[in-house]
Amino acid sequence: VPEGQEDKLLLASWGLPKAVLEKYHSLGVVQMFEWQAECLMLGQVLEGRNLVYSAPTSAGKTLVAELLILKRVLETRKKALLILPFVSVAKEKKCYLQ
């Protein structure tokens with residue numbers, strides 16, 4: 001994260017609605033890892049440009065995708081499609097995102 005932009009690690013600094021932040025906070029997610037914030041700050045990814053990133057299992061890749069999807073859906077009022085690799089993960093995310 002560039003110097004002076006450490007606040008970008010906090011979920012609250014990304015313009016998400018209070019209800020979304022409260023849900024993340026109730027699950028113990030208050031801030032991101034540096035690499036996650038860097039992904040969100042790359043180029044014009046928040047305006048819909050493509051992003052390809054890689055990280056080990058359980059490193060937090062899904063959070064980056066969720067934040068990108070949530071911001072785009074809320075800002076553009078369009079639908080999004082989230083493809084997940086396992087039924088168990090899909091069921092978990094369904095409950096989590098509702």
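Yes or no: ALA65 on the phi < 0 side of the Ramachandran plot, surrounded by 12 or more Cβ atoms within 10 Å (Cβ to Cβ) and out of contact with any helix residue (DSSP H, G or I) (no Cβ under 7 Å at 6 or more places or on another chain)? Yes: the conditions hold for ALA65.
Residues of region 72-98 that are farther than 18 Å from THR57 by Cα, at pLDDT below 85 and surrounded by fewer than 12 Cβ atoms within 10 Å (Cβ to Cβ): LYS94, CYS95, GLN98. Looking across region 1-24, the residues that are on the phi < 0 side of the Ramachandran plot and exposed (fewer than 13 other Cβ atoms within 10 Å of the Cβ) come down to PRO2, GLU3, GLN5, ASP7, PRO17, LYS18, ALA19, GLU22. Taking residues in region 35-64 that are over 24 Å from GLU92 (Cα atoms), and partners anywhere that are β-branched (Val, Ile, Thr) and open to solvent by 20 Å² or more (accessible area, probe 1.4 Å), the pairs with Cβ atoms closer than 7 Å and at least 6 places apart or on different chains are GLU38/VAL1.
The values are calculated or read from the model by the stated rules, or taken from the named source; none is laboratory data. Source: prediction; values computed, not measured. Methodologically, a virtual Cβ is constructed for each residue, glycine included, from the backbone with ideal geometry; neighbour enumeration extends over all protein chains shown. Note: accessible area is taken over every heavy atom of the protein model, side chains too, but ligands, DNA and RNA are not part of it. Shrake-Rupley method; radii C 1.70, N 1.55, O 1.52, S 1.80 Å.
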